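K.L.:
The following block contains the structure, expressed as structure tokens.
The values are calculated or read from the model by the stated rules, or taken from the named source; none is laboratory data. This is a predicted model, so every value here is computed, not measured. So basically every Cβ, Gly included, is an ideal-geometry build from the backbone, and we count neighbours across all protein chains shown. When the accessible area is computed, the model is the full protein with side chains, heavy atoms only, and any ligands, DNA or RNA have been set aside. Shrake-Rupley method; radii C 1.70, N 1.55, O 1.52, S 1.80 Å.
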Amino acid sequence: MLTKYEDKMEKSLSSLEKEFATIRAGRANPHILDKIKVDYYGTPTPIQQVANISVPEARMITIQPWEARLIKPIEKAIMCSDIGINPNNDGKMIRLNFPELTEERRKDLVKDVKKKGESAKVAIRNIRRDANDFLKKQNKSSEITEDELKDYENDVQKMTDKFIKKIDSAIEAKSKEIMTV
């Protein structure tokens, strides 16, 4: 009965983890390009589908398009994105050099991580509310008893606590990763 709510909570958590993957923490991470789309024959297409992306060094990502004509559109897409890195293009491939993060920038990133984590917690709590509303309706229409209602509400709370704890540990891990020099 409560599996659909648990699935929703699971999706909220995995969405947060995907979002955390796009936050760079000093090292070059190809996932930073996940949200960037390039115009490929009139269709917005993820860079990963039109180019080979590799990390030859800890602070560099190289992007080698499969079609040479895509160099300029990929470069433009990266410049228009919010990753804050200027691409270097040698005609065959694009290089993204990641500078060392300053202490202030790290603290800003940690604040951002905590804000995203808070949003995920709010989403989990909203799912809890929806589940409890559903259970109360079930009780009103005499599909479940008062005792069953209490038991299910307890289960929903335990499920909520479990996911909040997972979010807290994800925030903790990402913050530690960002602050590690």
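K.L.:
Identify the residue in the range 14-31 that is of a type in the set (Gly, Ala, Ser) and over 11 Å from the mean Cα position of the chain (by Cα) and, among all such residues, is modelled with the highest pLDDT.
P.N.:
If we take residues in the range 14-31 being of a type in the set (Gly, Ala, Ser) and over 11 Å from the mean Cα position of the chain (by Cα), then ALA28 is modelled with the highest pLDDT.
K.L.:
Still on this structure, please answer the following. Tell me which residues, restricted to the range 84-97, are out of contact with any helix residue (DSSP H, G or I) (no Cβ under 9 Å at 6 or more places or on another chain) and either at pLDDT 90 or above or buried (at least 19 other Cβ atoms within 10 Å of the Cβ) (or both).
P.N.:
ARG95
The rows are residues; the columns are (1) under 30 Å from ARG129 (Cα atoms); (2) aliphatic (A, V, I, L, M).
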residue: GLU6; (1), (2): yes, no
residue: MET9; (1), (2): yes, yes
residue: THR22; (1), (2): yes, no
residue: HIS31; (1), (2): no, no
residue: PRO46; (1), (2): no, no
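Each row is one residue, and each column tells you yes or no for (1) out of contact with any helix residue (DSSP H, G or I) (no Cβ under 8 Å at 6 or more places or on another chain); (2) under 14 Å from MET93 (Cβ atoms); (3) touching a residue at least 24 places away in the same chain (Cβ under 8 Å); (4) open to solvent by 10 Å² or more (accessible area, probe 1.4 Å).
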site: ILE23; (1), (2), (3), (4): no, no, yes, yes
site: TYR40; (1), (2), (3), (4): no, no, yes, yes
site: ALA58; (1), (2), (3), (4): yes, no, yes, yes
site: ILE78; (1), (2), (3), (4): no, yes, yes, no
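K.L.:
Something else now. Quick one: would you say LEU70 is surrounded by 13 or more Cβ atoms within 10 Å (Cβ to Cβ) and either modelled with pLDDT of 90 or more or in a strand (DSSP E or B) (or both)?
P.N.:
The answer is no for LEU70.
K.L.:
Condition test on ASN29, is it within 28 Å of GLU177 (Cβ to Cβ) and open to solvent by less than 50 Å² (accessible area, probe 1.4 Å)?
P.N.:
Against the criterion (within 28 Å of GLU177 (Cβ to Cβ) and open to solvent by less than 50 Å² (accessible area, probe 1.4 Å)), ASN29 qualifies.
K.L.:
For the range 136-147, enumerate the residues that are part of a helix (DSSP H, G or I) and either touching a His at 6+ places or on another chain (Cβ under 6 Å) or open to solvent by less than 80 Å² (accessible area, probe 1.4 Å) (or both).
P.N.:
GLN138, ASN139
K.L.:
Of these, LYS4, LYS35, which one is among the charged types (D, E, K, R) and either under 19 Å from ASP82 (Cβ atoms) or touching a helix residue (DSSP H, G or I) at 6+ places or on another chain (Cβ under 7 Å) (or both)?
P.N.:
LYS35
K.L.:
Also: Quick one: would you say ASP133 is modelled with pLDDT of 90 or more, surrounded by fewer than 17 Cβ atoms within 10 Å (Cβ to Cβ) and not aromatic (Phe, Trp, Tyr)?
P.N.:
Judged against the criteria, ASP133 is a match.
K.L.:
Still on this structure: If only one of LYS174, LYS158 is more than 20 Å from GLU17 (Cβ to Cβ) and in a helix (DSSP H, G or I), which one is it?
P.N.:
LYS158
One line per residue, one yes/no per condition, for (1) on the phi > 0 side of the Ramachandran plot; (2) touching a strand residue (DSSP E or B) at 6+ places or on another chain (Cβ under 8 Å):
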position	(1), (2)
SER12	no, no
THR22	no, no
LYS37	no, yes
TYR41	yes, no
PRO44	no, yes
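K.L.:
Going through the range 156-173 one residue at a time, which ones are open to solvent by 70 Å² or more (accessible area, probe 1.4 Å) and among the acidic types (Asp, Glu)?
P.N.:
ASP161, GLU172
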